[in-house]
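Undergrad: Below: one structure in structure tokens.
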Amino acid sequence: MGTCTIGVSIAVPEPHGSMLQERRADFGDPQAYAIATHVTLLPPTEVDSADLPSFEEHLARVAAAGSPFLMRLEGTDTFRPLSPVVYVRLVSGAEECTALQAEVRSGPLRRELQFPYHPHVTVAHGIPEDRMDLAQKELADFTASWTVGGFALYEQGADGVWRLEREYPFAAAVPVRPGPPGSPAPAVG
């Protein structure tokens, strides 16, 4: 079956996701349209394709144990000079993302990270310094907030584009209609 490259992330919802993606393209980042605007939970990870079902089961268990939380983005920062990245900061939801990514990266998806985990939304990566400076300046006043109701699994195609494979809503975010009194609880998942 071979291998594939997967990632797990929280998508930035509309209209914010498209707006940040457009701005990333405007700054000259060639990766702007390769993936939806997101907060990474599992960075690109090469896996054996035959193992995908066990990874999907693991992610379903993580989602079933998760609860919705508030995400608020505000302002920009950079990882420069360590890494050529400008990003939008999480001012709310960072603790929840940190705990969630630890759960995602456990079990069959266990892996070490190249850098300590720091949840963020990339808006410029690996472009000339003056364009990085422009991205950091022009998005300094950006704000957005929403309730995170789950995360998603993506797979990178041979063309380098990341495609949504499956969404994992938190169990607490799935509305469950109760049955008649005395009936067994409905299954969630």
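Values quoted throughout were computed directly from the atomic coordinates according to the rules given, and no laboratory measurement underlies them. As the structure is a prediction and not an experimental result, all values here were calculated from the model. Here the Cβ is made from the backbone with ideal geometry for all residues, glycine too, and neighbour counts use every protein chain on show.
Undergrad: Evaluate region 81-90: report whether one residue or more is surrounded by 14 or more Cβ atoms within 10 Å (Cβ to Cβ) and in a helix (DSSP H, G or I).
TA: Looking through region 81-90, none of the residues is surrounded by 14 or more Cβ atoms within 10 Å (Cβ to Cβ) and in a helix (DSSP H, G or I).
Undergrad: For region 55-73, check the following and say yes or no: at least one residue is in contact (Cβ under 8 Å) with a residue 24 or more places away in the chain, surrounded by fewer than 17 Cβ atoms within 10 Å (Cβ to Cβ), aromatic (Phe, Trp, Tyr) and over 17 Å from Tyr117 (Cβ atoms).
TA: So far as region 55-73 goes, no, none of its residues is in contact (Cβ under 8 Å) with a residue 24 or more places away in the chain, surrounded by fewer than 17 Cβ atoms within 10 Å (Cβ to Cβ), aromatic (Phe, Trp, Tyr) and over 17 Å from Tyr117 (Cβ atoms).
Undergrad: Looking for whichever is within 22 Å of Thr37 (Cα to Cα) and not polar (S, T, N, Q) here; the options are Arg89, Arg111, Arg61. Which one fits?
TA: Numbers: Arg111 fails: within 22 Å of Thr37 (Cα to Cα); Arg61 fails: within 22 Å of Thr37 (Cα to Cα).
The match here is Arg89.
Undergrad: Mind checking which pairs have a first residue in region 75-95 that is touching a residue at least 60 places away in the same chain (Cβ under 8 Å) and a second that is outside any strand (DSSP E or B) and small (Gly, Ala, Ser), Cβ under 9 Å, 6 or more apart or different chains?
TA: These pairs meet every condition: Gly75/Ala140; Thr76/Ala135; Thr76/Ala140.
Undergrad: Another question, if that's okay. I need a count of the residues in region 121-151 that are under 14 Å from the mean Cα position of the chain (by Cα) and buried (at least 21 other Cβ atoms within 10 Å of the Cβ).
TA: Within region 121-151, residues that are under 14 Å from the mean Cα position of the chain (by Cα) and buried (at least 21 other Cβ atoms within 10 Å of the Cβ) number 5.
Undergrad: Okay, next question. Does Glu22 satisfy the criteria of being without any contact (Cβ under 8 Å) to a residue 24 or more places away in the chain and more than 23 Å from Gly149 (Cβ to Cβ)?
TA: For Glu22, the condition - without any contact (Cβ under 8 Å) to a residue 24 or more places away in the chain and more than 23 Å from Gly149 (Cβ to Cβ) - is met.
Undergrad: Which count do you get for residues in region 5-46 that are surrounded by 14 or more Cβ atoms within 10 Å (Cβ to Cβ), over 18 Å from the mean Cα position of the chain (by Cα) and not in a helix (DSSP H, G or I)?
TA: Here the count works out to 3.
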